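S.K.: Take this structure first; my questions come after.
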Amino acid sequence: MPHTLEWSRAYTHRLALTDADPLKARAGEVAQRLARETSSGELPFLTMPYRARLEAELPPLLPQVRACKHMLVLGIGGSALGARAIQQAFAPGQDTPGHTGPWLWIADNVCAERFEALLSALSPAETMVVCISKSGGTIETLSQYFLVRDWLRTSMGEAWREHMIVVTDIVKGYLREEAGKHGLASLEVPDYLGGRYSALSAVGLLPAAFLGIDWHALLDGAASVARPLAESPENVVEHPSFALACWAKALEDHAYSQLIFFCYIPQWAAYGDWFAQLWAESLGKEGKGTQPVPATGVTDQHSINQMFLSGPRNKGCIFLTSEGQEQGRAFGDDVPDKWSWLKGKPFGSLLEAEALGTRMALCKNGVPLLHVQMGDNGPRAAGALMMLLEAATLFTGWLMGINPLDQPAVELGKRLANARLGAKGYTQEEADLATYLAAPQMKQVF
Ligand code: PA5
């Protein structure tokens, strides 16, 4: 089954189909930039020049990796969210009864309690640690690396090196130096491949391969969407990712400030967080952007959906469903009369009916809605969706006139935290901290 975008309810309420015309008219400008940046190598998430090397270098690591029962990933943001989405979509066994391994643990926070729980329960000899950081200098990841290195070394001495793989820049950064110094196995995060666009590189695919997920299929799916853009940038106007970008920009232009990502493929719920990071960190710039709001069907029908339906009319919605979902067991004949219409139907029929009901309710309540219908929910389909959303994010940023590949605003908090921890070279931040902390507080006890 093909994957489709269903547009009939996308340009509604304050949005008219003609609102996309001035944006589509900019396709020539977008095409030129796309041609320029793909040929200069600045968009490796689209052109995937790293694929051959990854396919050569990752498989030889697998015997060593799969000899371990556990993989512990150290990474944060774009270095963690893709792996988690892929894990939960395609290797959810860890959260289901009777699982006998393998286990993937993703440490993407600096919660000492959680970290201690992991290190005290895991056996170093049965654990492969994968430290993932494009920059090789992210303090959350590095601090975990220092502690885990000690944990491994204490238990196994110099053999600790065989239980650590580094995924980082090929040339620069502290982690690359560490890999060289200790002879650690490593995989590259290529130049220009920013964290949130890197899930389909070693960053997301090494954990996927450990779990036995078909990572080549993820890449194939992504390539099927990227190829027309990379090979014929001049046809960008026909590409669904550009259509999606025009719609997203039109939404923003018409005061829709939030974009719901409503996922009715429950196994893919963690893609909501992945998408939210991709969209927010790429597009929240210069006072512009739409706030991504991840939601999972049907669970969130009973939580935040009330706000979608009856709150401020400031929301558009990407609504995700899939054909061919598992239907599960059927209801028996002893279902009480009040629910007799369920008799003989499979449990899975609820998902389809509730997705339709919610979709219609959103449309009736003023939410422009783009329905993304996946032909199936295998890894190849997921790769295609990820590439569609990454390309759409890029084009939306270009149409907005901002850089969708950087994230300058997050630096301030990092500098202040470093100053707070006593790092050198943050004179201004130290002064700002002192002023902030000296301000009189207004506390209320509860
Ligand atoms: O998308 C991004 O660029 C960020 O979220 C990064 O992934 C995150 O800050 C972690 O960076 P790094 O991979 O350099 O440790």
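S.K.: Tell me, please, whether a residue that is more than 16 Å from the ligand (Cβ to nearest atom) and out of contact with any Cys (no Cβ under 7 Å at 6 or more places or on another chain) can be found in the range 187-204.
M.R.: Checked against the condition, which is being more than 16 Å from the ligand (Cβ to nearest atom) and out of contact with any Cys (no Cβ under 7 Å at 6 or more places or on another chain), the range 187-204 yields no hits at all.
S.K.: Could you please let me know if Leu219 is more than 19 Å from the chain's Cα centre (by Cα), closer than 20 Å to Arg380 by Cα, aliphatic (A, V, I, L, M) and open to solvent by less than 10 Å² (accessible area, probe 1.4 Å)?
M.R.: For Leu219, the condition - more than 19 Å from the chain's Cα centre (by Cα), closer than 20 Å to Arg380 by Cα, aliphatic (A, V, I, L, M) and open to solvent by less than 10 Å² (accessible area, probe 1.4 Å) - is not met.
S.K.: Separate question: Going by what's in this entry, would Arg149 be described as open to solvent by 60 Å² or more (accessible area, probe 1.4 Å), assigned to a helix (DSSP H, G or I) and either in contact with a helix residue (DSSP H, G or I) (Cβ under 6 Å, 6 or more places away or on another chain) or modelled with pLDDT of 95 or more (or both)?
M.R.: no
S.K.: Grab the helices (runs of 4 or more DSSP H) fully contained in the range 1-85, keeping just those with 3 or more residues being among the aliphatic types (A, V, I, L, M), touching a Phe, Trp or Tyr at 6+ places or on another chain (Cβ under 6 Å) and modelled with pLDDT of 95 or more.
M.R.: none
S.K.: Okay, moving on. Out of Pro240, Pro228, Pro233, which single residue is more than 16 Å from the ligand (Cβ to nearest atom), without any contact (Cβ under 8 Å) to a residue 40 or more places away in the chain and more than 16 Å from the chain's Cα centre (by Cα)? Spell out the reasoning first.
M.R.: Numbers: Pro240 fails: without any contact (Cβ under 8 Å) to a residue 40 or more places away in the chain; Pro233 fails: without any contact (Cβ under 8 Å) to a residue 40 or more places away in the chain.
Selected residue: Pro228, the only one of Pro240, Pro228, Pro233 that is more than 16 Å from the ligand (Cβ to nearest atom), without any contact (Cβ under 8 Å) to a residue 40 or more places away in the chain and more than 16 Å from the chain's Cα centre (by Cα).
S.K.: Going by the structure shown, is Gly136 outside any helix (DSSP H, G or I) and on the phi > 0 side of the Ramachandran plot?
M.R.: Criteria met by Gly136.
S.K.: Could you tell me whether the range 128-138 includes any residue that is away from the ligand (no atom under 15 Å from the Cβ), closer than 18 Å to Arg66 by Cβ, more than 22 Å from the chain's Cα centre (by Cα) and modelled with pLDDT of 95 or more?
M.R.: Yes, the range 128-138 contains at least one residue that is away from the ligand (no atom under 15 Å from the Cβ), closer than 18 Å to Arg66 by Cβ, more than 22 Å from the chain's Cα centre (by Cα) and modelled with pLDDT of 95 or more.
S.K.: Residues of the range 153-186 being over 16 Å from Ala125 (Cβ atoms), more than 15 Å from the ligand (Cβ to nearest atom) and not hydrophobic (A, V, I, L, M, F, W, C), which ones?
M.R.: Scanning the range 153-186 gives Gly180, Lys181, His182, Gly183.
S.K.: Within the bounds of the range 26-47, is there any residue that is open to solvent by less than 60 Å² (accessible area, probe 1.4 Å), in contact (Cβ under 8 Å) with a residue 12 or more places away in the chain, out of contact with any helix residue (DSSP H, G or I) (no Cβ under 7 Å at 6 or more places or on another chain) and within 16 Å of the ligand (Cβ to nearest atom)?
M.R.: Within the range 26-47, one or more residues are open to solvent by less than 60 Å² (accessible area, probe 1.4 Å), in contact (Cβ under 8 Å) with a residue 12 or more places away in the chain, out of contact with any helix residue (DSSP H, G or I) (no Cβ under 7 Å at 6 or more places or on another chain) and within 16 Å of the ligand (Cβ to nearest atom).
S.K.: Could you list, ordered by first residue, the pairs with Cβ atoms under 8 Å in which the first is in the range 73-84 and open to solvent by 10 Å² or more (accessible area, probe 1.4 Å) and the second is assigned to a helix (DSSP H, G or I) and more than 9 Å from the ligand (Cβ to nearest atom), at least 6 apart or interchain?
M.R.: Correct list of pairs: Leu81/Asp273; Leu81/Trp274; Arg84/Asp273; Arg84/Trp274.
S.K.: Just to confirm my filter: which helices (runs of 4 or more DSSP H) fall fully inside the range 327-446 and include at least 2 residues that are crowded, with 19+ Cβ neighbours inside 10 Å and within 16 Å of the ligand (Cβ to nearest atom)?
M.R.: It comes to 379-400.
S.K.: Also, I was wondering about something else. Just for the range 85-127: of the residues that are under 19 Å from Leu211 (Cβ atoms) and within 16 Å of the ligand (Cβ to nearest atom), which one is most open to solvent (accessible area, probe 1.4 Å)?
M.R.: Asp108
S.K.: While we're here: Quick check on this structure: which one of Glu57, Glu6, Glu29 is of a type in the set (D, E, K, R), over 20 Å from the mean Cα position of the chain (by Cα) and closer than 30 Å to Ala185 by Cβ? Before the answer, list the steps.
M.R.: Numbers: Glu6 fails: closer than 30 Å to Ala185 by Cβ; Glu29 fails: closer than 30 Å to Ala185 by Cβ.
Result: Glu57 is the single residue among Glu57, Glu6, Glu29 that is of a type in the set (D, E, K, R), over 20 Å from the mean Cα position of the chain (by Cα) and closer than 30 Å to Ala185 by Cβ.
S.K.: Any residue at all in the range 289-299 that's over 27 Å from Ala381 (Cβ atoms) and either of a type in the set (Lys, Arg) or exposed (fewer than 14 other Cβ atoms within 10 Å of the Cβ) (or both)?
M.R.: The answer is no; no qualifying residue exists.
S.K.: Please list, ordered by first then second residue, the pairs with beta carbon atoms under 7 Å, 6 or more apart or interchain, first in the range 346-361 and within 16 Å of Asp300 (Cα to Cα), second in a loop (DSSP other than H, G, I, E, B).
M.R.: From residues that are within 16 Å of Asp300 (Cα to Cα), the pairs are Leu351/Tyr264; Leu351/Val298; Leu351/Gln325; Glu354/Gly297; Glu354/Val298; Ala355/Tyr264; Ala355/Gly297; Thr358/Gly297.
The values are calculated or read from the model by the stated rules, or taken from the named source; none is laboratory data. In this text the structure is predicted, and so the values were computed from the model without any measurement. Note that we place each Cβ from the backbone using ideal geometry, even for glycine, and neighbour counts take in every protein chain shown. For the accessible areas, the whole protein counts, side chains as well, though only heavy atoms, and no ligand, DNA or RNA atoms are used. Shrake-Rupley method; radii C 1.70, N 1.55, O 1.52, S 1.80 Å.
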